[in-house]
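Have a look at the structure below before the remarks.
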Amino acid sequence: FMHLGPAYALAESGNLEAAATLYSRPGPPQSWTIPPFFRVPALHCAASIAIRIGRADDVAFLGEQLEHHRGGHIVGGGGVASYHGPAELVLGRCAAALGDLQAAERDLRSALQVATDKGLPSFDVETSCELADVLIARRRRSEALSMLHSVAPVAERLGMTPWVDRIKDAIGATEDPLTARERDVARPGAAGLSNREIATGLVVSARTAGQHVPTCPSNPALVRAAAHGRR
């Protein structure tokens, strides 16, 4: 706990290098002897850190250990001093980190159902964000956007600032149909410049500029996105 507790907080705040240093000090998770009363929260904590710092082997091992707690909840303390949601939430995150998107979607949908049934709005937000990432990876953008838009007001109301920011970033990235280079070319293109004129401004060849013209220039949404530099 002396190492995992601070490492978890550091990982959640984005300080991954310091988190990785603390996480590594007790040795590999396979060698840990975890007291029974702390086992489930420790596995959850370690899995969350391992996902963020990119330790795939540890994610796989910790996910296997957490499988035994499927259908339960991640709680710590005799009086429930901490609660980290249904086990399927962390199992879904482990599966997503390992690239098993089908299993990730299955587990995250199960976690979302639990959060809804049990009246856990903050975990509804968290699980929806994780599930939206999986849906985007599975090329189901409209479904992901609908989910993100539905939980955005809840995150705002609960003061979940990091999740509000994550939702806004995800919506912006998902709604934008252009790559960064296509936007560079499309903005002046929308203003009526030729490929040669665009190339001069971007210091590239006219042929390169032509290759980055959006594939559907007749689509008004694409033109508006390009002209206004939507992110």
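The values are calculated or read from the model by the stated rules, or taken from the named source; none is laboratory data. The model shown is predicted, which means the values in this text are computed figures rather than measured ones. Cβ sites come from the backbone with ideal geometry, for glycine too, and all protein chains shown count toward neighbours. Ligands, DNA and RNA are stripped out before the accessible areas are found, and what is left, the full protein with its side chains, is counted by its heavy atoms. Shrake-Rupley method; radii C 1.70, N 1.55, O 1.52, S 1.80 Å.
Conditions (1) touching a residue at least 60 places away in the same chain (Cβ under 8 Å); (2) in a loop (DSSP other than H, G, I, E, B); (3) of a type in the set (A, V, I, L, M), marked per residue:
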{"residue": "19", "(1), (2), (3)": "no, no, yes"}
{"residue": "30", "(1), (2), (3)": "no, no, no"}
{"residue": "33", "(1), (2), (3)": "no, yes, no"}
{"residue": "42", "(1), (2), (3)": "no, no, yes"}
{"residue": "65", "(1), (2), (3)": "no, no, no"}
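Of all residue pairs spaced 6 or more apart or on separate chains, those with beta-carbon atoms under 8 Å, a first member in the range 94-112 that is closer than 14 Å to residue 129 by Cα and touching a residue at least 24 places away in the same chain (Cβ under 8 Å) and a second member that is open to solvent by 50 Å² or more (accessible area, probe 1.4 Å) and in a helix (DSSP H, G or I) are 96/133; 96/137. For the range 1-28, the tally of residues that are crowded, with 21+ Cβ neighbours inside 10 Å and under 22 Å from residue 99 (Cα atoms) stands at 1.
Taking the conditions (1) over 19 Å from residue 8 (Cα atoms); (2) crowded, with 19+ Cβ neighbours inside 10 Å; (3) among the hydroxyl-bearing types (Ser, Thr, Tyr) in turn, residue 127 satisfies each one other than (1).
Residues checked against (1) closer than 23 Å to residue 175 by Cα; (2) in contact with a strand residue (DSSP E or B) (Cβ under 6 Å, 6 or more places away or on another chain); (3) modelled with pLDDT of 95 or more:
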| position | (1), (2), (3) |
| --- | --- |
| 88 | no, no, yes |
| 91 | no, no, yes |
| 108 | yes, no, yes |
| 121 | no, no, yes |
| 128 | yes, no, yes |
| 132 | yes, no, yes |
| 135 | yes, no, yes |
| 142 | yes, no, no |
| 148 | yes, no, yes |
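It is to be established whether one or more residues within the range 86-106 are crowded, with 19+ Cβ neighbours inside 10 Å, in contact with a Pro (Cβ under 7 Å, 6 or more places away or on another chain) and closer than 20 Å to residue 137 by Cα. Write out each step before concluding.
Applying the first criterion (crowded, with 19+ Cβ neighbours inside 10 Å) to the range 86-106 yields 86-97, 104-105.
Restricting the remaining residues to those that are in contact with a Pro (Cβ under 7 Å, 6 or more places away or on another chain) gives none.
Taking every residue of the range 86-106 in turn, none turns out to be crowded, with 19+ Cβ neighbours inside 10 Å, in contact with a Pro (Cβ under 7 Å, 6 or more places away or on another chain) and closer than 20 Å to residue 137 by Cα.
Applying the criterion of being closer than 15 Å to residue 16 by Cα and touching an Asp or Glu at 6+ places or on another chain (Cβ under 9 Å) to the residues of the range 52-72, the residue that is least open to solvent (accessible area, probe 1.4 Å) is 53. Evaluate the range 112-122: report whether one residue or more is open to solvent by less than 50 Å² (accessible area, probe 1.4 Å) and under 18 Å from residue 51 (Cβ atoms). Checked the range 112-122: no residue is open to solvent by less than 50 Å² (accessible area, probe 1.4 Å) and under 18 Å from residue 51 (Cβ atoms). Of the residues making up the range 151-174, just one is open to solvent by 50 Å² or more (accessible area, probe 1.4 Å), at pLDDT below 95 and among the aliphatic types (A, V, I, L, M), namely 173. Residue-level analysis places residue 146 among those that are under 18 Å from the mean Cα position of the chain (by Cα) and surrounded by fewer than 19 Cβ atoms within 10 Å (Cβ to Cβ). Does residue 75 fit the bill of being β-branched (Val, Ile, Thr), surrounded by 15 or more Cβ atoms within 10 Å (Cβ to Cβ), touching a residue at least 12 places away in the same chain (Cβ under 8 Å) and part of a helix (DSSP H, G or I)? Taking the combined requirement at face value, the residue does not satisfy it.
Checking 99, 159 one by one, the residue that is in a loop (DSSP other than H, G, I, E, B), under 24 Å from residue 9 (Cα atoms) and of a type outside the set (Lys, Arg) is 159 and no other.
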